[in-house]
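The structure appears right after this line, and notes come after that.
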Amino acid sequence: MLIDINAFVGNWPYRPLRGNNMEEMLRRMNKFGVDKAIVSNLNGLFYVDSQIANEELFAEYSSNKIFKDRFIPFATINPTLPWWRDALDICHKEFGMTGVRIFPLYHHYKITDDVCIELVNAAKALDMPVSIPLRMTDLRERSWLDVDTAISYNDIASLVSKIPDAKYMVLEARVTDGQEPTTDESLKILRAADILFDTSRGSGVPVKGPNSESLNYLLENLGLDKLAFGTETPFVDYCSPFLRLGAFNTIDEKTKQMIWSGNARRMLNL
């Protein structure tokens with residue numbers, strides 16, 4: 001079984017995207033043997049009210065019964081909005097969304113701000129994993145209008161240290177050039193957490209150093225129960241995620257199955 005924990009529908013203001021709706025995404029999933037995909041709506045990063053993007057996502061998700069078998073919708077919640085608690089409640093109870101994605105860099109708050117802490121606690125109470133992209137695009141290719149920084153592993157560890165018993169998914173799991181080295185204390189916090197790092201951005205080629213982006217680095221420093229398959233669709237072609245994992249030269253079948261779906265199924269109670 002294959003579960004993709006990093007997929008989106010919707011639009012990106014800085015370049016056109018292909019396959020950015022459920023119908024086209026499902027066609028690629030079938031071609032590549034992906035059984036399920038966690039998906040949220042990119043429009044929620046840019047709408048004044050991100051809840052409108054959640055409504056769009058739910059409408060698309062409900063438009064074809066096969067979508068309900070193949071997609072797992074996550075709500076985009078902006079905790080700086082006064083009505084975010086109502087939005088979360090609607091997404092969970094009425095729309096049946098089973099997780100949350102947050103975008104601090106786009107909604108202009110820090111990951112350890114009180115509003116973020118309150119949101120993560122609220123999601124934890126509903127048993128909803130909190131999914132956090134470290135970045136959305138390669139900063140070397142960003143538009144001058146786009147954000148120019150990324151969240152680090154140390155930032156994630158700071159959040160986890162405040163709410164250690166929540167569930168987390170880290171997308172675009174790599175270190176960006178210029179970030180501070182990931183500390184031993186951060187690694188200790190992340191090892192103890194119920195957290196998954198997706199495979200969409202790491203290289204399978206071993207690279208030495210405290211901030212290696214390689215999947216081998218994550219596997220060796222965080223453990224096989226911390227990795228989960230992700231494609232970053234529709235930002236990249238659908239072949240690259242498989243090539244990255246294919247570069248593992250010592251991966252055994254048990255590890256492969258845990259990364260393909262086992263770790264995600266455990267966190268999502270599937």
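The values are calculated or read from the model by the stated rules, or taken from the named source; none is laboratory data. These numbers come from a predicted model, not from an experiment. Note that each Cβ is placed from the backbone with ideal geometry, even for glycine, and that neighbours are counted across all protein chains shown.
General observations
- Across segment 53-68, the number of residues qualifying as assigned to a helix (DSSP H, G or I), more than 22 Å from residue 235 (Cβ to Cβ) and not aromatic (Phe, Trp, Tyr) comes to 5.
- Whenever a residue of segment 40-61 is surrounded by fewer than 16 Cβ atoms within 10 Å (Cβ to Cβ), it has no partner that is at pLDDT 95 or above and not in a helix (DSSP H, G or I) lying with C-beta atoms less than 6 angstrom away and at least six residues away or across chains.
- Answer residue from segment 1-21, given it is of a type in the set (Gly, Ala, Ser) and assigned to a loop (DSSP other than H, G, I, E, B) and is nearest to residue 239 (Cα to Cα) among those: 19
- Residue that is small (Gly, Ala, Ser) and in contact with an Asp or Glu (Cβ under 7 Å, 6 or more places away or on another chain), where the choices are 37, 59, 7, 53: 37
- Within segment 148-159, considering residues that are assigned to a loop (DSSP other than H, G, I, E, B) and in contact (Cβ under 8 Å) with a residue 12 or more places away in the chain, the one farthest from the chain's Cα centre (by Cα): 149
- Selection of segment 119-149 for residues being closer than 24 Å to residue 99 by Cα and among the basic types (Lys, Arg) yields 124, 135.
- Pick from segment 216-246, criterion buried (at least 16 other Cβ atoms within 10 Å of the Cβ) and in a loop (DSSP other than H, G, I, E, B), ranking: modelled with the lowest pLDDT: 238
- Of the set (1) assigned to a loop (DSSP other than H, G, I, E, B); (2) of a type in the set (A, V, I, L, M); (3) under 18 Å from the mean Cα position of the chain (by Cα), all apply to residue 145 but (3).
- Qualifying residue in segment 22-42 (condition: at pLDDT 95 or above, in a helix (DSSP H, G or I) and more than 21 Å from residue 239 (Cα to Cα)): yes
- Residue 78 without any contact (Cβ under 8 Å) to a residue 60 or more places away in the chain, within 30 Å of residue 157 (Cβ to Cβ) and not hydroxyl-bearing (Ser, Thr, Tyr): yes
- For the residues 8, 67, the requirement of being in contact (Cβ under 8 Å) with a residue 12 or more places away in the chain, within 29 Å of residue 257 (Cβ to Cβ), buried (at least 16 other Cβ atoms within 10 Å of the Cβ) and in contact with a Phe, Trp or Tyr (Cβ under 6 Å, 6 or more places away or on another chain) singles out 67.
- Among the residues examined, residue 16 qualifies as surrounded by fewer than 18 Cβ atoms within 10 Å (Cβ to Cβ), more than 26 Å from residue 166 (Cα to Cα), of a type outside the set (Val, Ile, Thr) and out of contact with any Leu (no Cβ under 7 Å at 6 or more places or on another chain).
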